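Below is one structure, written out as structure tokens; comments come after it.
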Amino acid sequence: MISVSEALSNLFALTPTLNSELVPLSEANGRVLASPVSARRDQPPFSASAMDGYGVTAEGVAPGAQYEVIGEAAAGHAFDGKVSAGEAVRIFTGAPVPEGVTRVIIQEDVTRDGDTITLSENLDKGFHIRPLGGDFKVGQTIDAPRVLRPSDIALMASMNIASVPVTRRPKVAILSTGDELVMPGETPGPDQIIASNSFGLQAMLRDAGAEARLLPIARDTEASLKAAFALVDDADLLITIGGASVGDHDLVGKVAQDLGMERSFYKIAMRPGKPLMAGTMANGAMMIGLPGNPVSAMVCGHVFVLPVIRAMLGLGQAPSPHQTTTLAAPAPANGPREHYMRAHVSPRGLVTFDNQDSSLLSILSDANALLICQPNSPELPAGTEVSYLPL
């Protein structure tokens, strides 16, 4: 068996680099920016008023000063003329600042009588003008890679960027195996259960930015597995669930190798998730074989599959981010394998669930963290600082 860190290193060595594609700005949110993009204009493209008020020359501004209003400037409607000493232009927020205006007097500090304004005794001291290019200038870049957020989309729109280079979404095929499985909504036989892992992993992968599709359930025969493998098509990654152990009905590894899969490793010193395998298929697709226990499959998804997806997207080769907190109750001693214990984190700290059976999805659903217990660690008392994987 190899360690979790060794397994991740081996997985990253298998991870393909994906190319980029151009998508419309309206479809770029949540995608990974593949290369830097640059502003095509200044923002604002002119000096603009930051307030509603009156634009004047700054020299001579004083309480009681009077000005003649010679025009108006609004957003989208500039004043076409020059403002000289003793003159003012009624101006609104976002309007281009006319030539000669170096200060905007807010309207609350002005008394107007016809076309004459008088400045009040308690003048606001601000100039209230946004300079040309004060937000960004032509050529300013948004660096890559990064997961684009709504604020990034707004910024790129302001930069006049209509198409965005993003990393292509990883294509993932998910294959559940086992005679005991039926799809949700079907009526299981007396010896059957509902396939759940594939749906949880599909949701996880879609949240991570991948295109994930479910293949038909493969039965525990070489013929059925070979037929399922033939449906992988253009997937970048094949994830199999179940059949990766060494029992008489665990045929995934054998069939995959018969079809040309080059295996990188098999078995990891972790709980849950020991029988995990990885390699490269004959068509170049990466393959990760996950254990069939529901919790094992989902935990391995967080620990191994999500880092691979992030690496495919160009976000770097790194484990899923860990966080630290303190134990609100003692954590039990651990055995020789790294243990990812379902737990709940609250403001008072982390508490592990008593029952860590790898078949119990209800406990995984209640958990919001996986406590990472190092091999052979003793019982940890309340108050101990620990590392965990957020869920």
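Observations on the structure shown:
- A straight chain from Asn368 to Arg348 at 0.36 nm per residue would run longer than the Cα-Cα distance by 5.8 nm.
- Cα-projected label distance for Glu59 with Gln140, points at 7 Å along beta-carbon direction, nm: 3.1 nm
- Compactness of the stretch 290-349 was expressed as the Cα radius of gyration divided by 2.2 N^0.38 Å, which yields 1.37.
- Listed values for the stretch 52-61 are Karplus-derived 3J(HN,Hα) couplings in whole Hz (6.51 cos²θ - 1.76 cosθ + 1.60, θ = phi - 60°), namely 7, x, 9, x, 9, 6, 5, 5, x, 5, and x replaces Gly and Pro.
- The GluC sites (Glu not before Pro) of the stretch 55-129 that meet both conditions, a loop assignment by DSSP and at most 14 other Cβ atoms within 10 Å of the site Cβ, are Glu59, Glu121.
- Proximal aspartates and glutamates to Lys267, defined as alpha-carbon separation beneath 18 angstrom and excluding residues fewer than eight positions away on the same chain: Glu6, Asp248, Asp250, Glu338
- Averaged over its residues, the chain has an accessible area of 47 Å² per residue, based on protein heavy atoms and a 1.4 Å probe.
- Listed peptides 323-335, 263-275 appear in the order 263-275, 323-335 once ranked by packing, highest mean of other Cβ atoms within 10 Å at the front.
- Put simply, the amide H of Leu181, placed in the peptide plane, has neighbours under 5 Å in Ile193, leaving out anything fewer than 5 places away on its chain.
- In order along the stretch 66-80, the phi-based Karplus estimate (6.51 cos²θ - 1.76 cosθ + 1.60, θ = phi - 60°) of 3J(HN,Hα) comes to 10, 9, 9, 7, 10, x, 9, 10, 10, 4, x, 9, 6, 7, 8 Hz; Gly and Pro are listed as x.
- Exposure rank, largest accessible area first [Leu306, Leu259, Leu238; 1.4 Å]: Leu259, Leu306, Leu238
- Percent of Cα-Cα distances greater than 31 Å, calculated over the chain: 56 percent
- Across the stretch 336-353, rounded Karplus estimates of 3J(HN,Hα) from the backbone phi angles (6.51 cos²θ - 1.76 cosθ + 1.60, θ = phi - 60°) give x, 10, 4, 10, 9, 8, 5, 8, 10, 9, 9, x, 8, x, 10, 10, 7, 6 Hz, Gly and Pro being marked x.
- Shape call, the stretch 197-308: gyration tensor on alpha carbons, a/c limit 1.5: rounded
- The slack between Arg41 and Glu68, meaning 0.36 nm per residue of separation minus the straight C-alpha distance, is 6.2 nm.
- Accessible surface of the chain, 1.4 Å probe, proportion on carbon and sulfur as whole %: 49 percent
The values are calculated or read from the model by the stated rules, or taken from the named source; none is laboratory data. Remember, predicted model here, so these are calculated numbers, not experimental data. As a convention, Cβ positions derive from the backbone with ideal geometry for all residues, glycine included, and neighbour counts pool all protein chains shown. What goes into the accessible areas is simple: the full protein's heavy atoms, side chains included, and nothing from ligands, DNA or RNA. Shrake-Rupley method; radii C 1.70, N 1.55, O 1.52, S 1.80 Å.
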